[in-house]
Amino acid sequence: TQLLEQSPQFLSIQEGENLTVYCNSSSVFSSLQWYRQEPGEGPVLLVTVVTGGEVKKLKRLTFQFGDARKDSSLHITAAQPGDTGLYLCAGAGLTNAGKSTFGDGTTLTVKP
Amino acid sequence: DVKVTQSSRYLVKRTGEKVFLECVQDMDHENMFWYRQDPGLGLRLIYFSYDVKMKEKGDIPEGYSVSREKKERFSLILESASTNQTSMYLCASSLPLTGAEQYFGPGTRLTVT
C-alpha cells in the first residue's frame, strides 16, 4: 500500500505570511495532485505535477514535485483569508490506472 | 460545466437501517469512486468502479456494497447501518487514465444514531 504523509496537520497563520506544506512518501508516483477542499464541499483540483523536479505556479501558490517523484511541496506567498481550507495531496501509482492515494491533509487557517 | 451530484447533503439514519447513497456524473467518465472522510484519517477509498457493472474493493469495503447499472450512476449501499459509519461520504469520477483528475461531488454527511 502506498502511503502519503502530509505535514503539518494544522497550520494557523496571519494574513500576509508565507507558508509551506509538505507531502511525503517512500513510494514513487507517476504523478501527484494537490486539491483544496472548503468546509461542506468536495475537493477541487489545484494542480497536477508529473515530471521529477517540476515546479508549477498558480498565482501565489507554488507547487514542486521532488526529483525522485516521492514527495511534493506547496508554498503559498502572502496568504489571504480566502486560502483557508483543507489541502490534500494525491499520488497516482505507476500501475493502477485511475486510482489515487490521498494524504491526510493540511488544514490551513489564515486570520485577517 | 462538469458536475458530480450526490442525492443528499445531510442524512440521519437509525442503526440497522439500509441506506442508499446515490451519485450521478454528467461527464461520461468510466471511473467512479466512493470515499469516506473522517477527521485525521483523510480520504479512504471504499469502492471503485471502472465500468458499468464492474467494481473493485478499496481500502475499507467492509459493511458497504455498491451498484453501477448505468455509466453515469454509482450507488453506495450500507446494508445495515452502524454508528461507526457516521461520516462524510464523497463520490468522485474520472477518466480511466493514470493520474487523471478526480471530480468530486459536494459530499453527504451521514449520521447513524
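Summary table
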item: Hits among lysines - C-alpha to C-alpha of A:K59 under 17 Å, sequence gap 8 or more where chains match; result: none
item: Label-to-label distance, nm, for residues given as A:T20 and A:E41 (7 Å Cα→Cβ offset); result: 2.8
item: Furthest towards positive pole of dipole, B:L21, B:T113, B:A100, structure part chain B, Cβ charges; result: B:T113
item: Chain A, dipole about Cα centre (Lys/Arg Cβ +1, Asp/Glu Cβ -1), debye to the nearest 20; result: 260
item: For the pair B and A, total buried accessible area rounded to nearest 100 Å², probe 1.4 Å; result: 1700
item: Inter-chain shielding of A:40-47 (mean C-beta neighbours from other protein chains, 10 Å cut-off); result: 5
item: Segment A:T109-A:Q9, extension gain: residue separation times 0.36 nm, minus the distance between their alpha carbons; result: 34.9 nm
item: Burial order of peptide ranges A:13-21, A:66-74 (average beta-carbon count within 10 Å, highest first); result: A:66-74, A:13-21
item: Neighbouring partner chain Cβ atoms per residue of B:93-101, average, 10 Å criterion; result: 6
item: For the protein assembly as shown: accessible area per residue (Å², 1.4 Å); result: 48
item: Chain lengthening between B:V52 and B:Y10 when straightened (0.36 nm per residue, less Cα-Cα); result: 12.4 nm
item: Which listed pairs, of A:K57/B:K57; A:K56/B:K53; A:K99/B:K71, have C-alpha distances above 29 Å, in listed order; result: A:K57/B:K57; A:K56/B:K53
item: Highest average packing first - A:80-88, B:87-95, Cβ atoms within 10 Å; result: B:87-95, A:80-88
item: Contour excess over end-to-end distance, with Cα ends at B:N84 and B:R44 and 0.36 nm allotted per residue; result: 13.0 nm
item: Ratio Rg/Rh, restricted to the range B:4-113 and using Cα atoms, in which Rh is the Kirkwood radius; result: 0.94
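The values are calculated or read from the model by the stated rules, or taken from the named source; none is laboratory data. Just so you know, these numbers come straight off a predicted model, no measurement behind them. Reconstructed Cβ throughout: ideal geometry from the backbone, glycine too, with neighbour counts over all protein chains shown. Surface accessibility is based on the protein's heavy atoms, side chains included, excluding ligands, DNA and RNA. Shrake-Rupley method; radii C 1.70, N 1.55, O 1.52, S 1.80 Å.
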